[in-house]
Amino acid sequence: MKQLAAWALVLNAFVWGVSWYPFRLLEADGLHPLWSTFLIYVLAFAGLLAWRPGAWRHFLRHPLLCLLLLASGLTNVGFNWAGDVVRVVLLFYLMPAWSVLLAWLLLGERPGLSALLRLLLALAGVVIVLKTPGSAWPVPGGLADGLALLGGFSFALTNVLLLKLKDTPDEARMTAMFGGGALLALATALLGGPSGLVPSPPAFATGWLLLVLLTSLAFLAANLGLQYGAARLPAATTALVMLTEVVFASVSSVLLGAAELETRTLLGGSLILLAALWASWGERGH
């Protein structure tokens, strides 16, 4: 059972780790990542409601699902729109650092010395990743870095909310996550349209529609894997397995020529991942 749960998490990490590639292909066909995200998630959302028609009713009994919808939606907007694969994934995995602060605010879990040290270690890694040769200070170097940081923060909030909502049915949390992915992507795309930041979607074509459908099915399977695995394994084990996403994303992007691993990215990324591993093993020891 535990092996199956671990492989379910690996499936989730693999889908997210290589998801940049179908988004890149869709963008080459003229479909902006926000429109891709909307179409992929609205299809998954529709499939979920067809499977569990009454899932939306849980929102009436658990209003906190609305916040999960918002956090999950912002996670997808930040992750899928950001662009530079390796930097995005590394900054995205600031999640353990943000989790320390969010768990303090939302769950009342006051951080100890080791948690604060992990936070400082992760932030040091971010400083190194963001410190480009032409920048005076390690600040986000553009829209991509800002979106990656937003995505990581939102992902941390999503995980804290999933923990707080652990007693709600799986379909309720999945409805919030897929609904949020669709709604926030649509809203952002519509807001960015008039300024030209987000171009209008192209005319329907069989090629990219099929890719959208396949990616939607992959994301649905990945989310099912996350729900199955995270419910059957300790949180520390889940966090460790999910770090394989960094490997999948980095290796696939380098092999396909979408990214280059610079020294400062490797060094800063190592500190961020070390903080994430430390957080996982710290939980295991409690």
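Calculate the spin-label point distance for Phe204 paired with Cys66, positioning each point 7 Å from the Cα along the beta-carbon direction, and give it in nanometres.
3.4
Run the numbers for Trp51 and Glu27: contour at 0.36 nm per residue of separation, minus the present Cα-Cα distance, in nm.
Answer, rounded to one decimal: 5.6 nm.
Would you mind checking which residues have amide H under 5 Å from Glu109's amide H? H placed 1.01 Å from N; only 5 or more apart, or other chain.
Long-range HN contacts for Glu109: Trp104.
Which trypsin sites (Lys or Arg not before Pro) does the range 1-70 hold that lie in a coil by DSSP with at most 10 other beta carbons within 10 Å?
Passing sites in the range 1-70 do not exist.
Using the Karplus equation 6.51 cos²θ - 1.76 cosθ + 1.60 (θ = phi - 60°), what ³J(HN,Hα) coupling, rounded to whole Hz, does each residue of the range 205-222 give in order, writing x for Gly and Pro?
Values, residue by residue: 9, 4, x, 6, 5, 5, 5, 4, 5, 5, 5, 4, 4, 5, 5, 5, 5, 5 Hz.
Can you give me the distance in nm between label points at Leu266 and Val251, each placed 7 Å from the Cα along the Cα-to-Cβ direction?
Rounded to a tenth, the inter-label distance reads 1.7 nm.
Any read-out appearing in this document is the output of simple, stated calculations on the displayed coordinates, not a laboratory observation. Predicted model, so just to flag it, every value in this text is computed and none were measured. Ideal geometry is used to build each Cβ from the backbone, glycine not excepted, and the neighbour counts take in all protein chains shown.
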